[in-house]
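Quick notes on the structure that follows.
The values are calculated or read from the model by the stated rules, or taken from the named source; none is laboratory data. Everything numeric here is computed off the predicted structure, so don't read it as measured data. Methodologically, a virtual Cβ is constructed for each residue, glycine included, from the backbone with ideal geometry; neighbour enumeration extends over all protein chains shown. To get the accessible areas, we keep the full protein, side chains included, count just its heavy atoms, and leave off ligands, DNA and RNA. Shrake-Rupley method; radii C 1.70, N 1.55, O 1.52, S 1.80 Å.
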Amino acid sequence: MQEQAFHSGFTAIVGSPNAGKSTLINRMVGEKIAIVSNKPQTTRSRLMGVMNRDRTQIVLVDTPGVNRPRNRLGEFMEASVSEAMKGIDALMVVLDASHVTERDRQLIRDFSEKKVYKVLVYNKLDLVTPQKLLEVMAEFGELPYDSFIPVSAANGDGVEELIADLCAHMPEGPRYFPEDMVTDQPEQVLCAEFIREKALLHLREEVPHGIGVEILRFEKRKNVTEIDATMYCEKDSHKRIIIGKGGQTLRQIGQEAREDMEALFGYHIFLQLWVKVRPNWRNSAEDLKTLGYTID
Ligand SMILES: Nc1nc2c(ncn2[C@@H]2O[C@H](COP(=O)(O)OP(=O)(O)OP(=O)(O)O)[C@@H](O)[C@H]2O)c(=O)[nH]1
Ligand SMILES: [Mg+2]
């Protein structure tokens, strides 16, 4: 009997900030590999998540949701989206169906011209009434997308249908990544991201957006992995806020980040966090490079 062919492909995930792209990639991969927050511009670089199904592998490529870049970091984020679009087999355009903006309309129209298999994903199904969903779907229904799928990345509704649809359209191809590999991001990058996610969770306004995390030491010992990390911020006043009264905020960020790391990696972690002021690092080519915000 002839063995069934293997199918695989790269699928980019694009859309406005806060649409739920990273929540969706985590849901599809089944592990938390991308950080999520209720603040726009959480994701800063392209990252991959690997999804395996019966004789099919889909490499999902999460991208930053970008508005108009305001600094060199923003320009890097925008370039990451173009980079992610190279050589893809399919494209998912994610829309927050509960909050459609003019910018979304423009994005959806622009991406509809891309010559690959395209799915328009209506996310946050749990937040819209059936009536509202029908209205949103009617608005974009005439555009040349191959598939239109409503989902809730938050509770998983519709996600299996989305996965089945993508799997059915992957070309024959190799297994790009080993079956037990869930992301292309090294452990140190994931650690820096988890720290940044907790900063986004506990800090407000412009403070978390000005944070960059550098891992200075990552040492695996017999029973514990020791990590030293520095959080960069742009102003002295921000540093005080990040540290908090009696160091309380910093301690909480560190503790929650460590719990996420331990859950994903399955080993004990000892994490030490420092805060340093580095004015205007988001416009410094050198600082961006140190923090990994460069396209290689
Ligand atoms: N209710 C609801 N909330 C969702 C859903 N999907 C995502 N969210 C929330 O929407 C917010 C943004 O989610 P993210 O996954 O960080 O969005 P993103 O598109 O990756 O955002 P950027 O990285 O900033 O471009 C978070 O607060 C999520 O919890 C959903 O299906 N339903
Ligand atoms: Mg994101």
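When the stretch 25-70 is filtered for residues that are away from ligand 1 (no atom under 16 Å from the Cβ) and either among the hydrophobic types (A, V, I, L, M, F, W, C) or open to solvent by less than 30 Å² (accessible area, probe 1.4 Å) (or both), the ones remaining, listed by number, are 50, 51, 56, 57, 58, 59. Pairing each residue of the stretch 158-169 that is assigned by TED's automatic domain parsing to the domain that holds residue 127 with any residue that is in a helix (DSSP H, G or I), provided the two are 6+ apart or on different chains, yields C-beta distances under 7 Å for 158/125; 159/27; 159/28; 163/28. Among the candidates 36, 61, the residue that is under 25 Å from residue 199 (Cα atoms) and in contact with a strand residue (DSSP E or B) (Cβ under 7 Å, 6 or more places away or on another chain) is uniquely 61.
Filter the stretch 86-106 for residues that are more than 14 Å from residue 20 (Cβ to Cβ) and not charged (D, E, K, R); which is nearest to the chain's Cα centre (by Cα)? Going through the qualifying residues, I end up with 91. Tallying residues that are away from ligand 2 (no atom under 13 Å from the Cβ) and of a type in the set (Val, Ile, Thr) within the stretch 47-88 yields 5.
Of the set (1) surrounded by 19 or more Cβ atoms within 10 Å (Cβ to Cβ); (2) in contact with a strand residue (DSSP E or B) (Cβ under 9 Å, 6 or more places away or on another chain), all apply to residue 216 but (1). For the stretch 190-208, the count of residues that are outside the structural domain of residue 18 (by TED's automatic domain parsing) and of a type in the set (Val, Ile, Thr) is nonzero. Going by what's in this entry, would residue 85 be described as of a type in the set (A, V, I, L, M), surrounded by 20 or more Cβ atoms within 10 Å (Cβ to Cβ) and more than 9 Å from ligand 1 (Cβ to nearest atom)? Taking the combined requirement at face value, the residue does not satisfy it.
Among the residues making up the stretch 223-236, those that are open to solvent by 30 Å² or more (accessible area, probe 1.4 Å) and at pLDDT 95 or above are 224, 226, 234, 235, 236. Residue 239 meets each of the listed conditions (1) open to solvent by 10 Å² or more (accessible area, probe 1.4 Å); (2) within 25 Å of residue 180 (Cβ to Cβ); (3) in contact with a strand residue (DSSP E or B) (Cβ under 8 Å, 6 or more places away or on another chain) apart from (2).
Being charged (D, E, K, R) and closer than 19 Å to residue 61 by Cβ is the requirement here; does residue 146 meet it? Yes, satisfied. Apart from one condition, residue 187 fits all of (1) in contact with a strand residue (DSSP E or B) (Cβ under 9 Å, 6 or more places away or on another chain); (2) open to solvent by 70 Å² or more (accessible area, probe 1.4 Å); the exception is (2). Scanning the stretch 1-23 for residues that are open to solvent by 40 Å² or more (accessible area, probe 1.4 Å) and in a strand (DSSP E or B) yields 7, 10. The one condition from (1) more than 12 Å from the chain's Cα centre (by Cα); (2) of a type in the set (A, V, I, L, M); (3) in a loop (DSSP other than H, G, I, E, B); (4) under 19 Å from residue 200 (Cβ atoms) that residue 73 does not meet is (3).
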